[in-house]
Every structure is written in structure tokens, then in C-alpha cells.
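Student: First the structure, then my questions, so here it is.
The values are calculated or read from the model by the stated rules, or taken from the named source; none is laboratory data. What you see is a predicted model; the values in this text were computed from it and never measured. Note: areas computed on protein heavy atoms with side chains; ligands, DNA, RNA excluded. Shrake-Rupley method; radii C 1.70, N 1.55, O 1.52, S 1.80 Å.
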Amino acid sequence: MRLEEIHIEKVPSVPQILLELLRLCHKSVVDFAELAKVIEQEPMICAKTLQTANTVFYRQWSEVTNIHRLLVVLGLDTVKQIALTSAVHQFFSK
């Protein structure tokens, strides 16, 4: 199997980490360092976040090598959308 044939959306998330991410996204004040720590534990969410950051819209910034900085660049709304979409997709794909 080649790397191009791997579909990241089919890799399941760890439910506890996904729930923690959703909980953090719904807090009134979000600590991006805490959010980055949770996302770094979940390969699928991390990959989706990197995939989003590599789109043309976000590529206008210089190369981002730190997940915390990447989350700040993407913004909380985008991170929430990634988390919610992943949770819904995983729930209904079973």
C-alpha cells in the first residue's frame, strides 16, 4: 500500500480523546496549549488539522512547525469544526 492510498478519514479516533477535545472546544475560555496537548494525542485529528492548514487559504503563513501555533493560526472555530465533524463521522460510520 502506498502513502497516497491511505485515507485518513477512515482512521478511527480514540473516543476518550475526542470527547476531551469536544469538551475543551465548548469552554468559554480555551487554553490553546491545553487544546494542542489533546490534539497531539490523537493522530487522526492531528492529521486533519495539518491537512486543513495545508489548504491554499491557510498556506499564506510561513511553515508552521508547532501544533500550538498552528491552532492559533487556524482559529478556534476551525478546530471546533474539525472536532465535531470527526465525532459525527465516527459515530455514524459504525
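Student: Hey, if we sort Thr78, Thr55, Thr85 by accessible area with the 1.4 Å probe, largest down, what's the order?
Tutor: Sorted by accessible area, descending: Thr85, Thr55, Thr78.
Student: A further question on this structure: I'd like the Karplus ³J(HN,Hα) series for the stretch 37-49: coefficients 6.51, -1.76, 1.60, θ = phi - 60°, whole numbers in Hz, and an x wherever there's a Gly or Pro.
Tutor: 4, 5, 5, 5, 7, 10, x, 5, 5, 4, 5, 5, 5
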